[in-house]
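The values are calculated or read from the model by the stated rules, or taken from the named source; none is laboratory data. Just so you know, these numbers come straight off a predicted model, no measurement behind them. FYI the Cβ positions are ideal-geometry reconstructions off the backbone, even for glycines, and counts take in every protein chain you see.
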There are 2 protein chains.
Amino acid sequence: MTEKLATAWDQRFSSAARGMRFSAIRRMSALIEKPGIISFAPGQPSPDTFPVDAFRTILEEVLAREGAGSFQYILTRGLAPLLAAIREYAAAKGIVAAASEVLVTEGSQQGLDLVARVLIDPGDVVLVERPSYIGATSAFRAAQARMVGVRLGPEGLDLDHLRAQYRAETAAGRRVKFLYVIPSFQNPSGISHSLSSRRALLEVARELDLLVVEDDPYGDLYFGAAPPPSLLALSKDVPGSRELLAHCGSLSKVLSPGLRVGWMVAPPELLAKATMCKQFSDAHTSTFAQATAARYLKSGRMPETLKVVRKAYGARAQAMGEALKKELGDAIAFTQPQGGLFFWARLTGAGGKVSDAAAFAKRAIDKGVAFVPGTPFYAANPDPATLRLSFATADVEKIREGVARLGNAL
Amino acid sequence: MTEKLATAWDQRFSSAARGMRFSAIRRMSALIEKPGIISFAPGQPSPDTFPVDAFRTILEEVLAREGAGSFQYILTRGLAPLLAAIREYAAAKGIVAAASEVLVTEGSQQGLDLVARVLIDPGDVVLVERPSYIGATSAFRAAQARMVGVRLGPEGLDLDHLRAQYRAETAAGRRVKFLYVIPSFQNPSGISHSLSSRRALLEVARELDLLVVEDDPYGDLYFGAAPPPSLLALSKDVPGSRELLAHCGSLSKVLSPGLRVGWMVAPPELLAKATMCKQFSDAHTSTFAQATAARYLKSGRMPETLKVVRKAYGARAQAMGEALKKELGDAIAFTQPQGGLFFWARLTGAGGKVSDAAAFAKRAIDKGVAFVPGTPFYAANPDPATLRLSFATADVEKIREGVARLGNAL
């Protein structure tokens, strides 16, 4: 009966839907509901960093000053004070955006989905970093994109590989619609493209007339050196590159993911289509959440908020790095992250230890610690020895305990 | 230059995006920004009805009790207390929904978009009422559905026409994916399907094995007699019909549209795909908005809120009906609405008066009053004499003044 029903539904679904699956991270998250598990799996920021007291003040202000207006429908583009605050916040990071170039989105995730919907026809190519962010590749897959990986080194994209992949796809008669990158503290690899690599990427985009979708949720989340400016900020130095850039930003990792407030900065033509698409997708992002975010940004609290966030994550990242060295030694290889939320590591197999991250993940859960194997982050040809560890949600003590359990699981 | 750019962008866009336009209502809304205009155009509820003081109390509770948790990521399906509150709210209206059958959405709008994305391949048929809601048809059009209208009479759908349209499309080799209906106080027509019409529709759905997407944002918004139970509530009387129903509900029209909280109740197979689709669309609906909605529903305030809303709209609808009769006489024909937000009217052309609603709308704006002509609400073959007037946002005095201006514009 159940099987018959499932078949009947398969015939009703769109071809896109037939390919949809719950993400590997979600499935892993279900496992970690077990009591006592220390989880390095999810991509969540630490709730310890959410400024709840400041939010209380801000919310009182929103109700007192805006009243019923903050509960009403607004235009899809976004609440005017938030659009202004975003443009100011972006300007401080070297991004000059006209009013016609900014759209408020539900985190940066919606920006990626909108871009996919307005650019991709089934079979069109999207170039992605190897590895890349699952939330993005899920959206591109749902638009029935063909995803093609480009090698990512410690300094950024392998631009020769980018050119080669672009040309191979084009020569095969396929349209390469865009390249998707997270240039700062990438999820999952933690890699930041260097300044020169970013500049060179903009030149190549211009050379190939290739749209670049820049996802930047982690750019402000550094505890070592600040990353170089975003591609969008750097585009002013590379004539003609600006009109090839769509930039997605978010408050999720630095203020609160639960607000679901992000933004897209893109050329007016692209932004107008994305706005039309958002109009029938959800009408607009929560007015109340937008009013709260706008007042928070305008209140002048962000520099202090960022200071708190950077300090918390810096301490946790340091603790995790030290513990990994101590407990796993040469069985694991990684680069100490300078920002973001993740360690990206590789099991070396040294001393005959396990080198398959999926097998290791199963053993780790038995020992009371969870993480995400690296395989789902690859468009194709995964490296099964890779894994991602988040240091964001567990405190320093739990991090030490969790990594000790990883040592036991080895 | 601009033209060249526009062409270049057209080549980059997906075929769905090339067909996207800003809605007629949005374009009309831009016009009514003029100072002094009285607007009967938008589909917004009245901010006078938003319980701002109660929200203040609720927000304090959310911060005090849930604190940082209300700013964190949650599972896509929705916040557990809100899912529970929605199931309770629905149960009071005769809808028994299992936990696996409910998804929190961004208003009912997102439910419609998700249904379209997981069911429609380009060229698939969606049957829609004649006329129908623009926000829904925009989402279906973006999924590249072929929309086919079914006649709507004062008692509900013309079921012979429904069968005929279904069979014609199927005979032509096309797949009819679903029928979209707003059975209570439809936007724009104000029509409610009668109880017997609803039961008969469920029988026909069963006979044709046809999915029905029931959109129900207005069911609680009555000031005359309550409408019959929803199709979903009635499905228990028609064996086999329940598994053919997706039901979209919302707090937008009875509590606050700015919260962007709605829900979908659907068979588990369909709901799971919609949830996967929402996962990469926006991760989840604002935690904070969900926590607020959950506490509001659980607080026991809804009966009083509904009383206030119904009273306010009842008075406005009565004032508009009286004014229309007085000022426009036999030049306009309409049925007095018993709920919802709209008058749907038809220019009769009596006494040689204008009978084209688009021409009338232009003249009306010159006289300082705005409304939406009916044409965009039709999938095809529009009736150009029809128009939609919202009585929701203007108070009784403004309604009288606005209708007097309509009289002048005739």
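Mind counting the residues in the stretch B:66-81 that are touching a Lys or Arg at 6+ places or on another chain (Cβ under 9 Å) and either buried (at least 22 other Cβ atoms within 10 Å of the Cβ) or at the interface with another protein chain (Cβ under 7 Å from one of its Cβ atoms) (or both)?
1
Does the stretch A:199-249 hold any residues that are small (Gly, Ala, Ser) and at negative phi, and which are they?
A:ALA200, A:ALA205, A:GLY219, A:GLY224, A:ALA225, A:ALA226, A:SER230, A:ALA233, A:SER235, A:SER241, A:ALA246, A:GLY249
Would you pick out the residues in the stretch A:325-350 that are assigned to a loop (DSSP other than H, G, I, E, B) and either of a type in the set (S, T, N, Q) or surrounded by fewer than 21 Cβ atoms within 10 Å (Cβ to Cβ) (or both)?
Residues satisfying the conditions are A:THR335, A:GLN336, A:GLN338, A:THR348, A:GLY349.
Every residue, every condition in (1) surrounded by fewer than 24 Cβ atoms within 10 Å (Cβ to Cβ); (2) modelled with pLDDT of 95 or more, yes or no:
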{"position": "A:VAL261", "(1), (2)": "no, yes"}
{"position": "A:LYS278", "(1), (2)": "no, yes"}
{"position": "A:THR285", "(1), (2)": "no, yes"}
{"position": "A:PHE288", "(1), (2)": "no, no"}
{"position": "A:LYS298", "(1), (2)": "yes, yes"}
{"position": "A:ARG316", "(1), (2)": "yes, yes"}
{"position": "A:ALA323", "(1), (2)": "yes, yes"}
{"position": "A:GLY352", "(1), (2)": "yes, no"}
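Let's see how each residue does on (1) touching a strand residue (DSSP E or B) at 6+ places or on another chain (Cβ under 6 Å); (2) outside the structural domain of B:VAL213 (by TED's automatic domain parsing); (3) closer than 27 Å to B:LEU63 by Cα:
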residue	(1), (2), (3)
B:GLU269	no, no, no
B:LYS278	no, no, yes
B:THR292	no, no, yes
B:ARG295	no, no, yes
B:ALA317	no, yes, no
B:ALA323	no, yes, no
B:LEU328	no, yes, no
B:PHE342	yes, yes, no
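What pairs come up if the first residue lies in the stretch A:156-180 and is assigned by TED's automatic domain parsing to the domain that holds A:GLY190 and at negative phi, the second is surrounded by fewer than 15 Cβ atoms within 10 Å (Cβ to Cβ) and of a type in the set (D, E, K, R), and their beta carbons are under 6 Å apart, counting only those six or more places apart or on different chains?
A:ASP158/A:ARG151; A:HIS161/A:ARG151
Return the total of residues in the stretch A:113-126 being more than 8 Å from chain B (Cβ to nearest Cβ) and touching a residue at least 60 places away in the same chain (Cβ under 8 Å).
Total satisfying the criteria: 3.
Quick check on the stretch A:166-186: of everything there that is over 30 Å from A:GLN338 (Cα atoms) and surrounded by 20 or more Cβ atoms within 10 Å (Cβ to Cβ), which residue is farthest from the chain's Cα centre (by Cα)?
This residue is A:TYR166.
Quickly run through the stretch B:207-236 and pick out the residues that are within 14 Å of chain A (Cβ to nearest Cβ) and in a helix (DSSP H, G or I).
Listed by number, the list holds a single entry, B:LEU208.
Given the residues A:ASP113, A:ASP124, which is the only one that is touching a Lys or Arg at 6+ places or on another chain (Cβ under 9 Å) and over 26 Å from A:LEU59 (Cβ atoms)?
A:ASP124
Taking the conditions exactly as written (crowded, with 23+ Cβ neighbours inside 10 Å, more than 21 Å from B:GLY149 (Cβ to Cβ) and modelled with pLDDT of 95 or more), does B:VAL118 satisfy them or not?
Spelling it out, B:VAL118 is indeed crowded, with 23+ Cβ neighbours inside 10 Å, more than 21 Å from B:GLY149 (Cβ to Cβ) and modelled with pLDDT of 95 or more.
What residue, among those in the stretch A:11-35 that are modelled with pLDDT of 90 or more and either in a loop (DSSP other than H, G, I, E, B) or surrounded by 12 or more Cβ atoms within 10 Å (Cβ to Cβ) (or both), is farthest from the other protein chains (Cβ to nearest Cβ)?
My answer is A:ARG18.
Read through the list (1) surrounded by 15 or more Cβ atoms within 10 Å (Cβ to Cβ); (2) in a loop (DSSP other than H, G, I, E, B); (3) under 22 Å from the mean Cα position of the chain (by Cα), then give the number of the only condition that A:ASN381 fails.
Against the list (1) surrounded by 15 or more Cβ atoms within 10 Å (Cβ to Cβ); (2) in a loop (DSSP other than H, G, I, E, B); (3) under 22 Å from the mean Cα position of the chain (by Cα), A:ASN381 comes up short only on (1).
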